[in-house]
1. Taking Cα pairs under 8 Å and at least six residues apart, what relative contact order does the chain come out at, in percent?
2. Of the listed peptides 46-54, 22-30, what is their order by residue-averaged count of other C-beta atoms within 10 Å, with the highest listed first?
3. Taking the range 62-131, which GluC sites (Glu not before Pro) meet the DSSP loop condition and have no more than 15 other C-beta atoms within 10 Å?
4. Quick one: dipole size for the chain, taken about the Cα centre, charges +1 on Lys/Arg Cβ and -1 on Asp/Glu Cβ, in debye to the nearest 20.
5. At 0.36 nm per residue, and after removing the present C-alpha to C-alpha distance, how many nm does the segment from Arg90 to Asn226 gain when stretched out fully?
6. Ile162 to Thr203: FRET efficiency via 1/(1 + (r/R0)^6), r the Cβ-Cβ distance, R0 51 Å, to the nearest 0.05?
7. If r is the Cβ-Cβ distance from Leu181 to Phe21 and R0 is 25 Å, what FRET efficiency results, to the nearest 0.05?
8. What residue among Phe27, Pro153, Val17 has its Cα farthest toward the positive end of the dipole of the chain, where the charges are +1 on Lys, Arg and -1 on Asp, Glu, each on the Cβ?
Amino acid sequence: MNLFFHKVADPMHQFEVQKWFELPPVFGYDISFTNAAGFMLLGVVLCIAFFGYAASRGKIVPNRLQSMGEIGYGFVADMIRGTAGEEGLRFFPFVFTLFFFILFANMIGMVPYAFTTTSHVIVTGALAMLVIGIVIVFGLWKNGLKFFKLFAPSGAPWYIYILLIPIEIISFVARPLTLALRLFANMLAGHIMLKLFAGFAVTGITAGGIGLAVAPLAFGMGVALNALEFLVAGLQAYVFAILTCVYLNDALHPAH
């Protein structure tokens, strides 16, 4: 019982990475299957299952799941066109996968007792480094040395470049950091607040007295925050995807 209340009161317990089963080490690295890996795999499976089912229902009049799949497809395509133009659609599979992986991971984290993989900076950092890596590699492949015009926009007086170039370089280097921290911090903070108010409600009920008056307020705040967290889960997936499109546009058109 004491262990139960300790888990309720501890808002950080939900972020602990726990081994589900052991695997032999590879080159000295522990590759045991954890709850983080399990819930990331679940997100991938749900994405494939959802869009696989929606694509298989080839009806003239789409059902609800097919309509949702088509709306998601059109939403991401319009996002890319609006930020990177028609040429940016070559990255549609990447942005589409990225957006829905983050969205499903965030939504899975809203299920009680589930694990929120995007609340770990190692996950969001890996996604951010993947994005910036594609930007650099594709930008150099497509534009060659002209890619570095990204750090020296045309049209400015020569003496402005003394200050402008270092600022642009720092801004570019900071992109993966801000991209990773934004998603990580929002998911972490939201889930901590939810756990705190849930803990206040449980503690108030068990404490009795004035706690019985505090418990309904804490429960009400928890419900309100839960609704807000669903909104944040979707919004953060959108922000991550649209910033990815903006960065990819720089790789496509570095001189602009």
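Nothing in this text is a laboratory measurement; each read-out follows from the coordinates by a stated rule. Computed from a prediction, not measured in an experiment: that's the story for all the values here. We place every Cβ from the backbone using ideal geometry, glycine too, and count neighbours over all the protein chains shown.
1. So the answer I get is 26 percent.
2. Peptide ranking by packing, descending: 46-54, 22-30.
3. none
4. Here the chain has a charge dipole of around 340 debye.
5. Using 0.36 nm per residue and subtracting the Cα-Cα distance, I get 45.3 nm.
6. With R0 = 51 Å, the Cβ-Cβ based efficiency is 0.30.
7. For Leu181 and Phe21, the calculated efficiency is 0.20.
8. In the chain, that residue is Pro153.
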